[in-house]
Each structure stands twice: as structure tokens, then as C-alpha cells.
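Enquirer: Okay, handing you the structure first.
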Amino acid sequence: MRYNLEDKPRFLPLMLYGLQWWIVTVPALMVMGLVLAKLHYGALPDAQELYMQKLFAVVGFTLLVQVFFGHRLPLVAGPASVLLVGILASLSSGIAAVYTAIMIGGLFMALMAAAGLLRVMHRLFTTRIIVTIMFLIPVTLSPTILNLSFKDAGNPLFNFGFLLIITILLVILNRMLNGIWKSTTLIWGIIISSLLFNYFYASPAMLSEPVAQTQSSAMGLIVKPEFEFGVIFSFLFCAIAIFIAEVGSIQAVGKMIGADNMEVRTKRGVFFSGLSSAVAGLTGVIGTTDFSLSPGIIAATRCASRYPFIVSGILLILCAFFPPLIQLLLLIPNVVMGVVLLYVMVSQFAAGFLMMVQQKAITGFNDGAIIGLPLMVALLISFIPAEVTAQIPAIFRPLLGNSLVMGIVLVLLMEHLILPSKTTGKPA
């Protein structure tokens, strides 16, 4: 590593690394935020803008709190995809009821962490499980990469070729460049690929405008609480799913960079992640969680320092107070966001394979099956037809319809119940 966890880069590298983490955080934030803002307030541009401002502020403050008081790890935070599924499944109950349930789910998650349930979780996450989680992230993001790549105007075949060629060029540049140039490959890739794509297609496609589902009680800075037992019960399942994914993300990054006191870091990280989701629900935006994108970026940039996230968090908060910056981000073509995610996922796979070899996570067929079956199941769920997902009872849809969560649950069952092994069963 060029910079380890507690190393403080000089001013220029600090700014550039922080800018890079900010750029990596923005795509998921923008995509999920825009979908929900337009779904809730399709006929009200001011309300859409306010939703995005609140979301940027919540994610920015979450990063700062985690860096200083939480897990204190280089972890990307963003909207929780499992909550998006829950929101879409429960939207008929009203916006205020949905975000009240998200707030209660966040508090429930924080209480689980404070009650000491993390000790049980910590013993469950072995090296093989951590490796599997690192592989699950690229698999579960595959549909998102495809959707981004073909959302823009133009020839779909050109978009697919553009995605592959630019990603391969980024891999080559990452190998050829040195020093700060190597560390900022993603930044230059985004700038150059955006210019190239806009040269062929002048205006990126925007998301379609769905019918607005507006409620006056959910359009201010704070949501007026509305309690519905069915919606709350559904989002408690979402909270458990986020709890599992959150522990996996923290453990994956901590294991990769060799961080100490992982039990304390995990407990604090999950606790503040739960509080962050509670604040998000109170303000009427989707709750947050930590992503496992970080290992791939750390492997690509050789920077595991947590301090650039201070810059990233401040930039996100500035976006919240300067709406023109949010509008500027909309100029980045969707296919370029797809390129960024694909490149990062390649690095994620590389980091996972490296850990698998170093820790000797696979010594026989059964070990490979423990990793392979959850990946295949997650892949199937990722591309399952919408009409099949719609047949799952709404209360279970946030769990059974989420490929990442189902992959994590299945690898836990495979490792500890179906194919238990003593060779690599040590805690992560």
C-alpha cells in the first residue's frame, strides 16, 4: 500500500483521493436518488431537487461520522438497495408511512448492534465467507451496469463496445501509469470517456418521468410520521438484511487492509449506520449503508487511508447546498457510470482472488462449492424476471428478491451447516 489506514497523504494526493472516492460514491447515489425523487415527485421539480439535496447531505454526514466515530475504515457509503426494493413494494401505503418505517428499521438496526449481537456475527464470518461477499458485489451489480450502459441515447451495440473498450483501456492505463497518475486513473477515465461519448451523442438520456405520488406530509425537511404495522414489519426484515450486508462490508474491507480491533469497529460501524438510516427516514430519503466497493478501489489505487473520506464527505455536503453542482453531475452519461462500476468490479474480483490465494480459502471441491453456489444463486436472482419477483409476498420480497442478501445467507448456511469444514473455519 502507498498509504495505509492511518497514513495522512499530503495535501494534493489527499484532495485527489478524496475527489476519486466522491466520484465513486456519486453514481449509486444519483441513480437511486433520481429514481425515487422522480417516482415520488415527478410533477414537482423543486421537490425532486430537495430530495436530492437531503440525500447528498445525509450521505456526506454519514461518511464523516463513520470516519471519525464509527468503523474508521475506507468504506464507501450510499443508498441501500434493499431499501429501494422495500420502498417500491410498500409505496401504495404512502410516502410518509414508508419513510417512517425506514426510520424505525434504522433504530432497530442500531439497537441490534448495541445489544451485542455483533459478537455472534463476528464468529460467523470466516475467510471463505468474506471472499464470497467480495465476489457477490460484482455479480449483484451486473444488472445495474447493464442498465446504465444501455440507458443513454444511441446505438446499443456502440454503447456496449464503448463500455468494453474504455474499461480495457483503464485497466491498461492502471498498469502503465505510476504515482499520482496511477492513483487518479478513474478521474481521468471519467473525464475523457464523458467527452468522447458526448462527441458522438451530444445529450445524455434522462430518466423518464413516472407519475408522481406526492404527499404534503413528506415534502418538507422532516417527514410527519405515519405508523402502519404492515409496512414497519416489512422494513424490519430490510433492517436485518442491511445488518448482514453491513457486517459483511466492514469485515471484507477490514480483512483486506489488516485493520485492528475489528469487533469494536464493526459494532460502531453498524450502530452509526443504523442511526444514519433513522435520520434518513426522518428526513424522507432512502437510508444508507456501507458498500463493499472499497476493496477493488483500494487494490487499484494502493490507498487504504481513511482521511480522503473527509474530503469526500465535505464535497457531498457542498453538493447539497449548491444545486447547480447536482445538475452538473447529470451531464455525466450513464454509460460512463457503467464504465466506472465495471472497472471497479474488475478490481474487486482481483482483490477477492488475491485474498483467496493468500488465505488458502479453497483446498478442495467442497470449499469451491461453498463459494460457487451462492454466486450462481445471486446471479439467477439478479436477472430473474420482474413478473416472478412480483409473485413473492411483499413482506418477504426485500429479502428473497435481493441477490446480495440471499447470497450472503446461502454462503453462511453452506459454510456452517451444509458443508462445514475445520480447515478454514477461523473467524475473519
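FYI, it's all coordinate maths here, none of it is from the lab. Just so you know, these numbers come straight off a predicted model, no measurement behind them. Neighbour counts run over all protein chains shown; Cβ positions are idealised from the backbone, glycine included.
Enquirer: Evaluate the relative contact order of the chain (contact order divided by residue number), counting alpha-carbon pairs under 8 angstrom at least 6 apart; express in whole percent.
Expert: Contact order relative to length: 36 percent.
Enquirer: Among all lysine pairs in the chain that are eight or more places apart or on different chains, how many have alpha carbons less than 27 angstrom apart?
Expert: So the count of such lysine pairs works out to 18.
Enquirer: Based on other C-beta atoms within 10 Å, arrange Phe271, Phe353 from fewest to most.
Expert: Phe353, Phe271
Enquirer: With a bin width of 10 angstrom, please list the P(r) values of the chain as percents of all Cα-Cα pairs, from the 0 bin to the one holding the largest distance.
Expert: 5, 22, 34, 28, 11, 1
Enquirer: Shifting gears a bit: Quick one: which residues, 5 or more positions from Thr289 or on another chain, have an amide H under 5 Å from its amide H? H modelled 1.01 Å from N in the peptide plane, none for Pro or chain starts.
Expert: Distant-sequence amide H within range of Thr289: Gly78, Ala80.
Enquirer: What list do you get for Met30, Met134 if you sort them by fewest beta carbons within 10 Å?
Expert: Met30, Met134
Enquirer: Give me the distance in nm between label points sitting 7 Å out from Cα along the Cα-to-Cβ direction at Val171 and Leu44, one decimal.
Expert: Distance between the two pseudo-spin positions: 4.7 nm.
Enquirer: How large is ³J(HN,Hα), in whole Hz, for each residue of segment 272-288 in order, when computed from phi with the Karplus curve 6.51 cos²θ - 1.76 cosθ + 1.60 and θ = phi - 60°, using x for Gly and Pro?
Expert: 6, 5, x, 5, 4, 5, 5, 5, 4, x, 5, 8, x, 10, 5, x, 10
Enquirer: Under 5 Å between amide H atoms, partner at least 5 residues away or on a different chain: which partners does Thr126 have, H built in plane at 1.01 Å?
Expert: Ala428
Enquirer: Explain nothing, just the number: dipole magnitude of the chain about its Cα centre with +1 on each Lys and Arg Cβ and -1 on each Asp and Glu Cβ, in debye rounded to the nearest 20.
Expert: Once rounded to the nearest 20, the dipole reads 1160 debye.
Enquirer: Within 10 Å of each residue's Cβ, count the other Cβ atoms and sort Val26, Val171, Val335, Val279 from fewest upward.
Expert: Result, fewest neighbours first: Val171, Val279, Val26, Val335.
Enquirer: Tell me the Kirkwood hydrodynamic radius of segment 49-171 in angstroms, computed as one over the mean inverse distance between distinct C-alpha pairs.
Expert: 18.4
Enquirer: Ordered by residue, what ³J(HN,Hα) values in Hz, to whole numbers, does segment 264-271 give under the Karplus form 6.51 cos²θ - 1.76 cosθ + 1.60, where θ = phi - 60° and Gly and Pro are x?
Expert: For segment 264-271, the Karplus curve yields 5, 4, 5, 4, 5, x, 5, 4 Hz.
Enquirer: Tell me, what HN-Hα J-couplings in whole Hz come from the Karplus equation 6.51 cos²θ - 1.76 cosθ + 1.60 at θ = phi - 60° for each residue of segment 362-374, using x for Gly and Pro?
Expert: Running phi through 6.51 cos²θ - 1.76 cosθ + 1.60 with θ = phi - 60° gives 10, 10, x, 4, 4, 4, x, 5, 4, 7, x, 4, x Hz.
Enquirer: Select from Gln251, Phe237, Val223 the residue farthest towards the positive end of the dipole of segment 222-276; place +1 on Cβ of Lys and Arg, -1 on Cβ of Asp and Glu, and compute about the Cα centre.
Expert: Gln251
Enquirer: What 222 nm value per residue comes from the helices of the chain, counting each DSSP H run with n ≥ 4 as -39,500 (n - 2.57) and dividing by all residues, nearest 500 deg cm²/dmol?
Expert: Counting only the DSSP helices, I get -23500 deg cm²/dmol.
Enquirer: Between Leu328 and Gln358, what FRET efficiency comes out of the Förster formula 1/(1 + (r/R0)^6) with R0 = 41 Å and r the beta carbon distance, rounded to 0.05?
Expert: Once the sixth-power term is evaluated, E becomes 0.45.
Enquirer: Restricting attention to segment 1-110, which trypsin sites (Lys or Arg not before Pro) occupy a DSSP loop and are surrounded by at most 12 other Cβ atoms within 10 Å?
Expert: Hits after loop and neighbour filter: Arg10.
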